[in-house]
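For reference, the structure discussed in these notes is given below.
The values are calculated or read from the model by the stated rules, or taken from the named source; none is laboratory data. Predicted, not measured: the structure shown is a model, and the values here were computed from it. Here the Cβ is made from the backbone with ideal geometry for all residues, glycine too, and neighbour counts use every protein chain on show.
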Amino acid sequence: MKKIRREFFQRDPLVCARELVGCELVWNDCGGIIVETEAYSVLNDEACHAFARPSSREFVAERPPGTAYVYLNYGVHWLLNFLVKGGAEDGFVLIRALEPTRGIETMKRRRATHLENLCSGPGKLTRALDLRGDAHGLDVFSTKSIALFAPVDPPSIQAGPRIGITKAADLPWRFIATGSRFLSKMGPVG
DNA sequence: TTCGTGATAGAG
DNA sequence: TCTATCACGAAG
């Protein structure tokens, strides 16, 4: 496992989203292999926060690529994204599911459920990791508590439409590790 | 299928 | 102030 570099996030959101699948995400003592992501672009993507939110556009302008963008959804769930900028387009990658690898017992204590269900959703994984709003704005490349590692053997990846959104729902901007048992929705591409 | 929950933005 | 909206999950 090799730590990924900042240049990783200086490409198109779609490329970043695709290549983050297979990477290991570590938050303090817990973590897992990313098996599902979604790309969001600040350009012409109505589903992206930056489309309608000035504070989000400001975040994009002021922060370096690789910054964690964490927000509360539906008043209940924290969702983890990474800022992508410096390529042809700026955007975000939403982390949607993990295959748990580290701190599994700790995560199970937080989320009393079996392994396949532990991090199989964007709100579930932040809960399992105990990652909350105070992680918002942390730079992956200068913060000890958060880290990303590149895979030794990149997995086979499939693309499909994003989940749970109403705007621009037709774009195939969701990426999954083929055949993973740890996805937010089952089936090849949801 | 429903419903809770809270930050945000834009209207009044 | 108030209200609509939102990339979800769990119970039932």
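Worth a mention:
- Test: residue in the range A:127-142 that is in a loop (DSSP other than H, G, I, E, B), in contact (Cβ under 8 Å) with a residue 60 or more places away in the chain and either at positive phi or of a type in the set (S, T, N, Q) (or both): yes
- Filtered by the rule that a residue be at pLDDT 95 or above and in a loop (DSSP other than H, G, I, E, B), the range A:156-168 gives a lone residue, A:Ser156.
- Residue, farthest from DNA strand B (Cβ to nearest atom), within the range A:78-87, restricted to residues that are among the hydrophobic types (A, V, I, L, M, F, W, C) and in contact with a Lys or Arg (Cβ under 8 Å, 6 or more places away or on another chain): A:Val84
- A:Leu72 meets each of the listed conditions (1) crowded, with 20+ Cβ neighbours inside 10 Å; (2) within 16 Å of DNA strand C (Cβ to nearest atom) apart from (1).
- Every residue from the range A:48-77 that is more than 10 Å from DNA strand B (Cβ to nearest atom), within 15 Å of A:Asp90 (Cβ to Cβ) and under 18 Å from the mean Cα position of the chain (by Cα): A:Cys48, A:Val60, A:Arg63, A:Pro64, A:Pro65, A:Gly66, A:Thr67, A:Tyr69
- Filter result for A:Ala52 (within 16 Å of DNA strand C (Cβ to nearest atom) and not charged (D, E, K, R)): yes
- Residue in the range A:5-14 that is of a type in the set (D, E, K, R), surrounded by fewer than 16 Cβ atoms within 10 Å (Cβ to Cβ) and near DNA strand C (Cβ under 10 Å from one of its atoms) present: no
- Filtered residue count, the range A:124-162, keeping only those that are of a type in the set (Gly, Ala, Ser), in contact with a Ser or Thr (Cβ under 9 Å, 6 or more places away or on another chain) and more than 16 Å from DNA strand C (Cβ to nearest atom): 1
- Residues satisfying the stated conditions in the range A:120-163, i.e. loosely packed, with under 14 Cβ neighbours inside 10 Å and within 14 Å of DNA strand B (Cβ to nearest atom): A:Arg132, A:Gly133, A:Asp134
- Positions within the range A:90-101 being out of contact with any Phe, Trp or Tyr (no Cβ under 8 Å at 6 or more places or on another chain) and surrounded by 17 or more Cβ atoms within 10 Å (Cβ to Cβ), in sequence order: A:Asp90, A:Arg96
- Test: residue in the range A:125-134 that is touching a helix residue (DSSP H, G or I) at 6+ places or on another chain (Cβ under 7 Å) and under 21 Å from A:Ile165 (Cβ atoms): yes
Table: residues versus (1) at pLDDT below 95; (2) surrounded by fewer than 19 Cβ atoms within 10 Å (Cβ to Cβ); (3) in contact with a Cys (Cβ under 8 Å, 6 or more places away or on another chain); (4) not charged (D, E, K, R).
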{"site": "A:Leu20", "(1), (2), (3), (4)": "no, no, no, yes"}
{"site": "A:Glu24", "(1), (2), (3), (4)": "no, no, no, no"}
{"site": "A:Trp27", "(1), (2), (3), (4)": "no, no, no, yes"}
{"site": "A:Ile34", "(1), (2), (3), (4)": "no, no, yes, yes"}
{"site": "A:Thr37", "(1), (2), (3), (4)": "no, no, no, yes"}
{"site": "A:Leu43", "(1), (2), (3), (4)": "yes, yes, no, yes"}
{"site": "A:Ala50", "(1), (2), (3), (4)": "yes, no, no, yes"}
{"site": "A:Arg53", "(1), (2), (3), (4)": "yes, yes, no, no"}
